[in-house]
Amino acid sequence: MRLLALVLVPLFCAGAAFAQVEPGCEQQSGKANKEFVDNYNAAKASLEARDWAAAIGGAALARPHVLNGRQEEALIHIEVAAYHDAGNEAAMAERIAAYLALPCTPAAIRKNYQSVLDKARATAPAPQ
């Protein structure tokens, strides 16, 4: 259930958020190349099949073919969900931090992910 919240809340917020383009981010949309689409679709299908390793691998295969920030965001959403459900909170937090570092992320999704990151950091074991 938490996976659904992690993935669906950003996607529901994205509708309104993507309609409002931040200044300087107008070129963040456009067509994707076939290599990106094929690997993204494979990663998404693996995520839906609860095959976390394949979802993460598919996202890694798609990453060299990213043409804009929106495509990078889509890959990070897959990775965050997969790492979360695989129980790898540290990797999940790392991918959320990478998402938050992107310059053209919608404010609503940024706020949601910042909250998730804060909770993950608060519950992380102390370094030894």
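Any read-out appearing in this document is the output of simple, stated calculations on the displayed coordinates, not a laboratory observation. Here the structure is a predicted model, which means the values were calculated and not measured. Please note: Cβ atoms are built from the backbone with ideal geometry, for glycine as well, and neighbour counts cover all protein chains shown.
Quick notes on this structure:
- R0 of 22 Å, Cβ-Cβ distance A98-N33: FRET efficiency to nearest 0.05: 0.55
- Among Y83, I96, A60 - extreme Cα towards positive end, dipole of the range 33-128, charges at beta-carbon: I96
- When R110, R70 are arranged by Cβ crowding within 10 Å, least crowded first, meaning fewest neighbours, the order is R110, R70.
- Cross-link reach list, aspartates and glutamates versus K31, counting only Cα pairs under 14 Å and skipping chain neighbours closer than eight places: E72
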